[in-house]
1. How much accessible surface does residue 264 have with a 1.4 Å probe, in Å² rounded to 10?
2. Suppose R0 equals 45 Å. What FRET efficiency, 1/(1 + (r/R0)^6) with r the Cβ-Cβ distance, do residue 86 and residue 134 give to the nearest 0.05?
3. Computed FRET efficiency, Cβ-Cβ of residue 250 and residue 167, R0 25 Å: what is it to the nearest 0.05?
4. Using the structure shown, list the pairs from 175/206; 215/248; 186/250; 205/250; 186/215; 81/129 with a Cα-Cα distance above 21 Å, or answer none.
5. Where does each of 207, 114, 155 land when they are ordered by accessible area, with a 1.4 Å probe and the largest first?
6. Whole-Å semi-axes of region 136-286's equivalent ellipsoid, largest first, each the root of 5 times a Cα gyration tensor eigenvalue?
7. How much length is gained if the chain between residue 175 and residue 275 is pulled fully straight, taking 0.36 nm per residue apart and subtracting their Cα-Cα distance, in nm to one decimal?
8. Quick one: length gained pulling residue 208 to residue 104 fully straight, 0.36 nm per residue minus the C-alpha distance?
Amino acid sequence: MPTNQGSVEQTCFFSCKRNKTQMGSCCYIPSPSSSHLLATDFFSWGFKSSKLPFLQKRRFDRSQRASKICGYYGLRTPPYKLDALEPYMSLKTLEIHWGGHHRNYVEGLNKQLEKNDILYGFTMDELVKVTYNNGNPLPEFNNAAQVWNHDFFWESMQPGGGDMPKLGVLQQIEKDFGSFTNFREKFVEAALTLFGSGWVWLVLKKEERRLAVIKTSNSTCPLVWDDIPIISLDMWEHAYYLDYKNDKGKYVNVFMNHLVSWNVAMARMARAEAFVNLGEPKIPIA
């Protein structure tokens, strides 16, 4: 089980010629996990949710049609060792949650993409938005969104996390929620009132130019509404049951007190200001 820090995502593309002798080549394109730590591909925030006709127009030339073209996404390791969040999130939970559930989403997505070369070449952000298809999700959406959600979730935590944000992030929260206490209460309430499985998010609303707490069901993530995610909390049962059984309240409070990474939130907020003019306060770039 990989436990190294500073993981590398590998995206593999290959072309298998359909002739007597099948030949393949594999090109690995590494991207550091820190790219997602800064809210993934920020330029894709300007990428609007695409309609299915856009996909239908995405075609390859005749020479390429003779080949089967597939894009594979790799399983990215969290930016810390799998036991680094103990005692608040156990090694056993990470082994099952990341090594089992997250891995299954990646492998499931890759199997789907083998059958649909129209989706070849998208970044993960773009793939989530395109397969959401304006509220009429394509079959690939659930796996793509869950891969993105989990990458973002692991990087929303850090060893020695929790407590309160600092500097401009705290000021922005106080501006939009009235106080950090109000924000925390809204975040905890959203987590505890979420019906079934899903996610809780602190997001930046681009049009309204303010922070907000939202909750999403199942695999849906804020990218599909063009919101900018800042932090997230996984409220699927497999995220907390081994450590907290049915005590969701304890799990949520432990996340806020000991796990959430306000350092990452500051970096994401700083980058978000390239797309949203928040006025004052200016979020200092770490």
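1. 10 Å²
2. Working: r = 42 Å, r/R0 = 0.93.
Working from the Cβ atoms, E equals 0.60.
3. 0.25
4. Numbers: 175/206 16 Å; 215/248 15 Å; 186/250 16 Å; 205/250 29 Å; 186/215 11 Å; 81/129 31 Å.
Those over the limit are 205/250; 81/129.
5. Working: 207 160, 114 75, 155 10 Å².
Greatest to least solvent exposure: 207, 114, 155.
6. Numbers: eigenvalues 113, 74, 37 Å².
After scaling each eigenvalue by five and taking roots: 24, 19, 14 Å.
7. Working: separation 100, 0.36 × 100 = 36.00 nm, distance 1.90 nm.
My answer for the length gained is 34.1 nm.
8. On the way: separation 104, 0.36 × 104 = 37.44 nm, distance 3.63 nm.
Gain on extension, residue 208 to residue 104, equals 33.8 nm.
The values are calculated or read from the model by the stated rules, or taken from the named source; none is laboratory data. These numbers were taken from a predicted model, which means no experiment stands behind them. All Cβ positions, even for glycine, are placed from backbone atoms using ideal geometry, and neighbour counts span all protein chains on display. What goes into the accessible areas is simple: the full protein's heavy atoms, side chains included, and nothing from ligands, DNA or RNA. Shrake-Rupley method; radii C 1.70, N 1.55, O 1.52, S 1.80 Å.
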